[in-house]
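*Asks:* I'd like to ask some things about the structure below.
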Amino acid sequence: MATIRSELKTRAPASEVWSAIRDIGALHTRLVPGFVIDTKLEPGARIVTFVNGMVLREPIVTLDDEARRLVWTAEGGRARHYNAALQVSEPGDGLTSVVWTADFLPDDASGFLSKAIEAGMAAMQRSLDALAA
């Protein structure tokens, strides 16, 4: 199983960063606008439409306010298995850290998923940095 781990740092307060991440139905407006163009909620999951037209169903596994950690899977798309987590922390340097970890099969989906996660993190960086202003 392949793993991608990506991290960003922002001056936005961790509480505001977590608020945007935990708002699981607002990916397209609060967290990654331009990367995700629509999000619809259904019991236990969200339906996500990406800018490239791909639509995935993402069951929510964990939404942990104490750990500031969101875990989800994805159904549809190129991966046979996909499990991901976003976690917010305050490393003590005056910044807030967000780590996106994705585990997936097949391993050869890593090229596509690396580019997708990179684009998602860039959109997230813009949104979160705007919260710091």
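A short reminder: the numbers here are calculations on the coordinates, not readings from a lab. Treat the numbers as computed from the prediction; the structure is a model and nothing was measured. Note that we place each Cβ from the backbone using ideal geometry, even for glycine, and neighbour counts take in every protein chain shown.
*Asks:* Let me check against my output: what whole-number percent is the relative contact order of region 2-132, with C-alpha pairs under 8 Å and at least 6 apart?
*Replies:* RCO, region 2-132: 33 percent.
*Asks:* What span do the alpha-carbon atoms of the chain cover on each of the three principal axes, reported in whole Å from largest to smallest?
*Replies:* 39, 28, 27
*Asks:* Could you list I117, I4 in order of exposure, starting from the residue whose Cβ has the fewest other Cβ atoms within 10 Å?
*Replies:* Ranked by crowding around the Cβ, least crowded first: I4, I117.
*Asks:* How far is helix 110-132 tilted, in degrees, relative to the longest principal axis of the Cα atoms in the chain, given as a value from 0 to 90 rounded to the nearest 10?
*Replies:* With rounding to tens, the tilt is 30 degrees.
*Asks:* Okay, moving on. Could you list L27, L105, L70 in order of exposure, starting from the residue whose Cβ has the fewest other Cβ atoms within 10 Å?
*Replies:* Neighbour counts put them in this order, fewest first: L105, L70, L27.
*Asks:* Still on this structure, please answer the following. Taking Cα pairs under 8 Å and at least six residues apart, what relative contact order does region 78-133 come out at, in percent?
*Replies:* Rounded, it is 31 percent for region 78-133.
*Asks:* How large is the helix-only mean residue ellipticity at 222 nm for the chain, computed as the sum of -39500 (n - 2.57) over DSSP H runs with n ≥ 4, divided by its residue count, in deg cm²/dmol to the nearest 500?
*Replies:* One gets -8000 deg cm²/dmol as the mean residue ellipticity at 222 nm.
*Asks:* Between R11 and E66, take the C-beta separation as r, use R0 = 30 Å, and let me know the FRET efficiency to the nearest 0.05.
*Replies:* Step by step, r from the Cβ atoms, then E = 0.80.
*Asks:* State the Cα centre-to-centre distance between region 98-132 and region 37-89 in whole Å.
*Replies:* 12 Å
*Asks:* Which value, in debye to the nearest 20, describes the size of the charge dipole of region 1-124 about its Cα centre when Lys and Arg Cβ atoms bear +1, Asp and Glu Cβ atoms bear -1, and nothing else is charged?
*Replies:* 240 debye
*Asks:* Using a 10 Å cut-off around each Cβ, can you sort W100, W72 from fewest to most neighbouring Cβ atoms?
*Replies:* Fewest to most other Cβ atoms nearby, the residues stand as W100, W72.
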